[in-house]
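Structure, as structure tokens:
The values are calculated or read from the model by the stated rules, or taken from the named source; none is laboratory data. Because the structure is a prediction, the values reported are computed rather than measured. Neighbour counts run over all protein chains shown; Cβ positions are idealised from the backbone, glycine included.
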Amino acid sequence: MNYLVTGATGFIGRFLIEKLLERRGATVYVLMRRASADRFAGLRERLGATDTQLVPVWGDITRRGVIDSEALTHLTGRIDHVFHLAAVYDMSMSDAQANRVNNEGTANIVALAGALANEAATKPCFHHVSSVAIAGADYQGVFTDQMFDEGQTVRHPYYRTKFQSEGIVREHCKVPWRVYRPGMVVGHSETGEMDKVDGPYYFFKPIKRIRDNIPKWLPLVGIEGGQMPVAPVDYVVDAMVHIAHKKNLDGKAFFLIQHEPPSAGRMLRIFLRAAHGPDIVRNLPTHEWPASIEHQLKRLASSLPLAEWMEKRLSKTLGVPLSILGYVNNRAVFDDVNTRAALKGSGIHCPPLADYAETLWRFWEMHMDCDVHVPEALLRRMNGKVVVITGASSGIGFMAAKKLARAGAKVCMVARTPEKLEETRHIIQKMGGEAFAYPCDLNKIEAIDECTRQILVDHHHVDVLINNAGHSIRRSVFESLNRFHDYERTMQLNYFGAIRMIFNLLPSMAKRRAGHIINISSIGCLTNVPRFSAYVASKSALDAFSRCLSPEVASRNINLTTIYMPLVRTPMIAPTKIYDYVPTLTPEQAGDMIVAAILEKPKRIASPLGTTAQISYALWPKVNDFVLHKAFHMFPSSKAARGRKGLREADEKPNIPGRVLAALLPGPYW
């Protein structure tokens, strides 16, 4: 079967091409402008397609005729399906731009589809990808995929041209046609893959600020808002391909959305939970306000002095376009009746947003949230320097890698999982940084030796070593009496693995008479909190080793810095539910501590609380023991430590005195 696809290198288009190529004997012709030949080459490489499976057709949808006569002659009678995805989606687009691409482009492709048919061959089926935007931003009531012109308001260029381009298909298409109306298309439900900030993603930055600055236990109040017709890209493509090949569906439109979509308030609550932020416990029912009152309030607000300036200022502060903010109280209720009938028995369904929201969040946070602050002094200090970071594929290590790469350093990323390491390396390269992946299991001395040997072969020396990789266990001694292996493996990774890295890289530093070793230790070494005997002992061993090494290498211009890191919200602490209720640093704040260590080269970096705790323990050890004994009973052990599988999450929450203590003494591992 042969397909002609426009917009193939767009987000939905890339997944559609991949799905079509899975069909036996499929050949996909991709309409491309010659100026975009490199994008076509990238698409072919991404999909691993042969030149007979994926074939470029050079043309331009904004030009009458679209393709030249030679290409038209070659394709006439060959094409079974035409998928038209090419469109401009930009909420700040001009009317002229929207008309030229979305309307005139659609008219040209419709005419091309008619020209590709001949009397001897079956006419191609034209598949037009539209949007839920055809309902307009102010429609009130149920809007089904059997409806088109209901008198809705479509003033915005995007809404207007999506509405009008559907009309062009309905009125002028001379071959069988079908229309698809995706909702807010988000990333892949299994991988999270997304290519731009759009729709719900505009709220991710504000959600991150809320998560990083408001305690997780603090209840929030939100607004209910209207339906948010979200759908992951894999569902959109699967449904579209299935419907396209099903008989007797011509002349119909199909909404591609989650059945019974979440409200705006429910969607924000889902994403706040995915980000491990505070919970919205109540939403104010704004969608129940009469539309007339809402319109009067909008008119009143727009008549105020400097109203437009204030709206733009609010939009800029939140990082959310005005058109998106205006859609939050959407009053349309979408009903995908045609789609549900067409997909019945296929096994294809749109998963609920709550099932894959955390996958979307993780992808955004790793791949798309690339704005990292780098001081000018770091740019001057680290440009061209070779930095080795262990545990670099997530959390503190990954944030440090992003900052140092942005500053111009050559970052050698060391971590255990090759796939995760390669993914993070690719992210840093996409940011414009220089990164190298060195998979290594730091529990194995032989693996460390091979890793450091290869680093020195590739880069000849190392300027900065950051021993960041670590393993933490939260379990009291009495809960560990039959788990001696916990102490062995913690010591192996946190102590022996770190000093083996130092042993292997120290000679080259000594030879060059320059080097900096940064060990990420723990505030636990200063506070001596219970339940962390295995972790604190291993970090304290590394601390003692560094204190002894430092005077030995001072004359060789090698600096050692120990960072007594407070509790940081990383994947390492995620399984411990109690940490949802205590203050933590963000990975970016932890990364800034590493930046400070590189710039200032201090002997140690500790929080004020950590330093106070160390002095207090030196002066009044029994008083400290008394306080920590009380704290030990305020904070419960984890489900794993207590061996109770049926334990409720509520049983892992600290009591009220415990929460007060954590708020007064932020940072320690409790």
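Whether any residue in region 60-83 is under 33 Å from the mean Cα position of the chain (by Cα) and basic (Lys, Arg) is what I want to check.
Within region 60-83, none of the residues are under 33 Å from the mean Cα position of the chain (by Cα) and basic (Lys, Arg).
Among the candidates Val5, Val30, Val55, which residue alone is of a type in the set (A, V, I, L, M), more than 17 Å from Phe126 (Cα to Cα) and in a strand (DSSP E or B)?
Unique residue meeting the criteria: Val55.
Do we have any residue at all in region 88-102 that's in contact with a Cys (Cβ under 9 Å, 6 or more places away or on another chain) and buried (at least 20 other Cβ atoms within 10 Å of the Cβ)?
No, region 88-102 has no match at all.
Has region 503-524 got at least one residue that is part of a loop (DSSP other than H, G, I, E, B) and more than 17 Å from Pro602 (Cβ to Cβ)?
yes
Which of the residues spanning region 346-367 are assigned to a loop (DSSP other than H, G, I, E, B) and in contact (Cβ under 8 Å) with a residue 12 or more places away in the chain?
Residues satisfying the conditions are Ser346, Ile348, His349, Cys350, Pro351, Pro352.
Based on what the data block shows, is Tyr139 surrounded by 14 or more Cβ atoms within 10 Å (Cβ to Cβ) and either over 30 Å from Gly251 (Cβ atoms) or at pLDDT below 95 (or both)?
The answer is yes for Tyr139.
Yes/no per residue for (1) in a loop (DSSP other than H, G, I, E, B); (2) in contact (Cβ under 8 Å) with a residue 12 or more places away in the chain; (3) under 25 Å from Leu16 (Cα atoms):
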residue: Ile109; (1), (2), (3): no, yes, yes
residue: Asn118; (1), (2), (3): yes, yes, no
residue: Lys123; (1), (2), (3): yes, yes, yes
residue: Ala133; (1), (2), (3): no, yes, yes
residue: Phe143; (1), (2), (3): no, yes, no
residue: Thr153; (1), (2), (3): yes, yes, no
residue: Tyr158; (1), (2), (3): no, yes, yes
residue: Ser165; (1), (2), (3): no, yes, yes
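Regarding region 504-518, can at least one residue be identified that is surrounded by fewer than 19 Cβ atoms within 10 Å (Cβ to Cβ) and touching a Phe, Trp or Tyr at 6+ places or on another chain (Cβ under 8 Å)?
no
With respect to Glu193, determine if the residue is farther than 30 Å from Arg282 by Cα, crowded, with 17+ Cβ neighbours inside 10 Å and not small (Gly, Ala, Ser).
For Glu193, the condition - farther than 30 Å from Arg282 by Cα, crowded, with 17+ Cβ neighbours inside 10 Å and not small (Gly, Ala, Ser) - is met.
Do we find that Leu360 is more than 29 Å from Ala447 (Cα to Cα), surrounded by 24 or more Cβ atoms within 10 Å (Cβ to Cβ) and not charged (D, E, K, R) in this structure? Can you show your working first?
On the way: more than 29 Å from Ala447 (Cα to Cα): yes; surrounded by 24 or more Cβ atoms within 10 Å (Cβ to Cβ): yes; not charged (D, E, K, R): yes.
Considered against the rule, which asks whether it is more than 29 Å from Ala447 (Cα to Cα), surrounded by 24 or more Cβ atoms within 10 Å (Cβ to Cβ) and not charged (D, E, K, R), Leu360 comes out as yes.
Have a look at Ala35, Ala41, Ala8, Ala49 and point out the one that is of a type in the set (Gly, Ala, Ser) and in contact with a Lys or Arg (Cβ under 9 Å, 6 or more places away or on another chain).
Of the residues listed, the single one that is of a type in the set (Gly, Ala, Ser) and in contact with a Lys or Arg (Cβ under 9 Å, 6 or more places away or on another chain) is Ala8.
I'm trying to understand the selection: among the residues of region 101-118, which are closer than 11 Å to Val66 by Cβ and of a type in the set (A, V, I, L, M)?
Matches in region 101-118: Ala107, Ile109, Val110, Ala111, Leu112, Ala113, Ala115, Leu116.
For region 474-503, how many residues meet the condition of being buried (at least 24 other Cβ atoms within 10 Å of the Cβ) and free of Cβ contacts under 8 Å to residues at least 60 places away in the same chain?
Qualifying residue count, region 474-503: 1.
With respect to the numbered conditions (1) modelled with pLDDT under 85; (2) more than 30 Å from Ser393 (Cα to Cα), which one is the sole condition not fulfilled by Pro666?
With respect to (1) modelled with pLDDT under 85; (2) more than 30 Å from Ser393 (Cα to Cα), Pro666 is out only on (2).
Looking only at helices (runs of 4 or more DSSP H) that lie completely in region 377-491, which have at least 1 residues being touching a strand residue (DSSP E or B) at 6+ places or on another chain (Cβ under 9 Å)?
Once the helices (runs of 4 or more DSSP H) in region 377-491 are filtered for at least 1 residues that are touching a strand residue (DSSP E or B) at 6+ places or on another chain (Cβ under 9 Å), what remains is 395-406, 418-430, 445-459.
Do we have Ile466 as modelled with pLDDT of 95 or more and β-branched (Val, Ile, Thr) here?
Yes, satisfied.
For region 140-149, enumerate the residues that are more than 16 Å from Arg181 (Cα to Cα) and of a type outside the set (Gly, Ala, Ser).
Answer for region 140-149, where residues must be more than 16 Å from Arg181 (Cα to Cα) and of a type outside the set (Gly, Ala, Ser): just Gln140.
Name the single residue that is surrounded by the most Cβ atoms within 10 Å (Cβ to Cβ) among those in region 8-22 being in contact (Cβ under 8 Å) with a residue 40 or more places away in the chain and in a loop (DSSP other than H, G, I, E, B).
It comes out as Ala8.
Within region 58-107, count every residue that is in a helix (DSSP H, G or I) and among the small types (Gly, Ala, Ser).
So the count comes out to 6.
Looking at (1) at pLDDT below 90; (2) crowded, with 19+ Cβ neighbours inside 10 Å, which one does His295 not meet, given that it meets all the others?
That leaves (2) as the condition not met.
Residues being under 39 Å from the mean Cα position of the chain (by Cα) and in a helix (DSSP H, G or I): count how many of those fall in region 545-568.
Within region 545-568, residues that are under 39 Å from the mean Cα position of the chain (by Cα) and in a helix (DSSP H, G or I) number 2.
Find all pairs meeting these conditions: Cβ atoms under 6 angstrom apart; at least six residues apart or on different chains; first residue within region 206-233 and at positive phi; second residue hydroxyl-bearing (Ser, Thr, Tyr) and modelled with pLDDT of 90 or more.
If the second residue must be hydroxyl-bearing (Ser, Thr, Tyr) and modelled with pLDDT of 90 or more, the pairs left are Gly225/Ser263.
If the Cβ limit is 6 Å and pairs must be 6+ apart or interchain, which residue in region 540-568 that is over 30 Å from Ile473 (Cβ atoms) pairs with which residue that is surrounded by 19 or more Cβ atoms within 10 Å (Cβ to Cβ)?
If the second residue must be surrounded by 19 or more Cβ atoms within 10 Å (Cβ to Cβ), the pairs left are Ile558/Met509; Ile558/Gly515; Asn559/His516.
Tell me yes or no: at least one residue of region 250-257 is among the acidic types (Asp, Glu), out of contact with any Lys or Arg (no Cβ under 8 Å at 6 or more places or on another chain) and surrounded by fewer than 23 Cβ atoms within 10 Å (Cβ to Cβ). Reasoning before the result, please.
Looking only at region 250-257, we keep the residues that are among the acidic types (Asp, Glu), and these are 250.
Retained after the next criterion (residues that are out of contact with any Lys or Arg (no Cβ under 8 Å at 6 or more places or on another chain)): none.
There is no residue in region 250-257 that is among the acidic types (Asp, Glu), out of contact with any Lys or Arg (no Cβ under 8 Å at 6 or more places or on another chain) and surrounded by fewer than 23 Cβ atoms within 10 Å (Cβ to Cβ).
Residues Tyr180, Tyr201: which one is of a type in the set (Ser, Thr, Tyr), buried (at least 18 other Cβ atoms within 10 Å of the Cβ), modelled with pLDDT of 95 or more and not in a loop (DSSP other than H, G, I, E, B)?
Tyr180
Hey, could you check region 242-270 for residues that are of a type in the set (Val, Ile, Thr) and more than 16 Å from Trp177 (Cβ to Cβ) and say which is nearest to the chain's Cα centre (by Cα)?
Applying the first criterion (of a type in the set (Val, Ile, Thr)) to region 242-270 yields 243, 257, 270.
Checking which are more than 16 Å from Trp177 (Cβ to Cβ) leaves us with 257, 270.
Details: Ile257: 21, Ile270: 15 Å.
Looking at the filtered set, the residue picked out is Ile270.
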